[in-house]
1. Quick one: which of ALA84, ALA56 is without any contact (Cβ under 8 Å) to a residue 24 or more places away in the chain and either outside any helix (DSSP H, G or I) or open to solvent by 40 Å² or more (accessible area, probe 1.4 Å) (or both)?
2. Which residues, taken from the range 126-173, are farther than 24 Å from GLY85 by Cα, open to solvent by less than 20 Å² (accessible area, probe 1.4 Å) and part of a loop (DSSP other than H, G, I, E, B)?
3. Out of ILE23, ILE64, ILE38, I need the residue that is surrounded by 18 or more Cβ atoms within 10 Å (Cβ to Cβ) and part of a strand (DSSP E or B). Which one?
4. Would you please name the residue that is most open to solvent (accessible area, probe 1.4 Å), looking only at residues in the range 212-225 that are part of a helix (DSSP H, G or I) and of a type in the set (Lys, Arg)?
5. I need the full set of residues from the range 258-283 which are over 21 Å from ASN247 (Cβ atoms) and either among the hydrophobic types (A, V, I, L, M, F, W, C) or not in a helix (DSSP H, G or I) (or both), in order please.
6. Name the residue that is nearest to LEU138 (Cα to Cα), counting only residues in the range 226-243 that are assigned to a helix (DSSP H, G or I) and open to solvent by 10 Å² or more (accessible area, probe 1.4 Å).
Amino acid sequence: MTQPTVSVLMTAFNRERYIAAAIESVLAQTFTDFELVIVDDGSTDGTVAVARAYAARDARVRVIVNERNLGDYPNRNRAAALAAGRCLKYHDSDDIMYPHCLATMVSGLETYPEAGIALSAAGYWHGAASPALSTPRLSYRREFLGYGMFMCGPACAMFRADVFHALGGFENVGVSSDYAFWLRACARVSVVLVSGDLFWYRVHEQQELRSDRAERDALLVPGRIWAALHAAECPLDEVERVIARRNQAYVTAREAWRALRRGRFSLAAERVRRSGLTAVDWARYLRPPVRRADAGTPAETAVPGQLPRTDDRVVHGAAQAR
């Protein structure tokens, strides 16, 4: 068997109701050089029987059943370890992949061989026609000085397999494992931004994001962001780092205040405690946010050490805060 270009990785746990449609959407792709690796995490319903029925009819489908339940992101790493393809594409067992999804992502990686990851979003990427290359500095600018990039789940991405493995896969920090991965990956690897709306994201009550522990897992994110904005490998320059820290301090304070207004005092305290900020940090960085819609995009005419067209007093004040 020749090595497929893409390994589509579908992890599953009790998805009997949805998995057939998810598999069908993969098999209907216009790009056909792929394998579909389904890794079941100990389902107690008919998920495995449905998946094996497809494997019996299509040689591109492989079904693996874990001996014990690993959990969401450890199972995603196991699926990646079992893959044979040069590229890895996660597709959740309750979602629907549109027919052009694989073709769009493969084309993006072929257009930019220097990119290790192709990334899509729910809509279009601001500031440039897709595909567009985002270097580590541009990605961090878009996330921390603009209006975001790291909100994408694993299904939004296609990874070159060697890059994914070199990055160490997903660290298991619950539902925030994808954000923790983007913090690490986008500091090191260029990304090609491809067109959005490549799959339908199904919303239902059994999703991990709707579980009781999802809010607790999310408390881990601010501290990791704060550490990333101080790390030696952070691709932002010194002035940009200061402004990014100000923006992050504001977000943390805003979320803590919202929790207080809802009467959730322990949640507010936990947000502050786990933020990574010291009392000195709060005094230094808690300021109104400075963000631009075109930060980190080709539309931005960036010069080192500045946010383009930002008030000079902001840049000067950021330099003084260092």
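The values are calculated or read from the model by the stated rules, or taken from the named source; none is laboratory data. On a predicted model such as this, the values are computed, not experimentally measured, just so you know. Neighbour counts run over all protein chains shown; Cβ positions are idealised from the backbone, glycine included. Protein only, heavy atoms only, side chains kept; ligands, DNA and RNA dropped before computing areas. Shrake-Rupley method; radii C 1.70, N 1.55, O 1.52, S 1.80 Å.
1. Only one candidate qualifies: ALA56.
2. Hits for the range 126-173 are LEU145, GLY146, GLY148, MET149, PHE150.
3. Result of the check over ILE23, ILE64, ILE38: ILE38.
4. Only one residue tops the list, namely ARG216.
5. Once the filter is applied, which keeps residues that are over 21 Å from ASN247 (Cβ atoms) and either among the hydrophobic types (A, V, I, L, M, F, W, C) or not in a helix (DSSP H, G or I) (or both), the range 258-283 yields ARG262, GLY263, ARG264, PHE265, LEU267, ALA269.
6. ARG241
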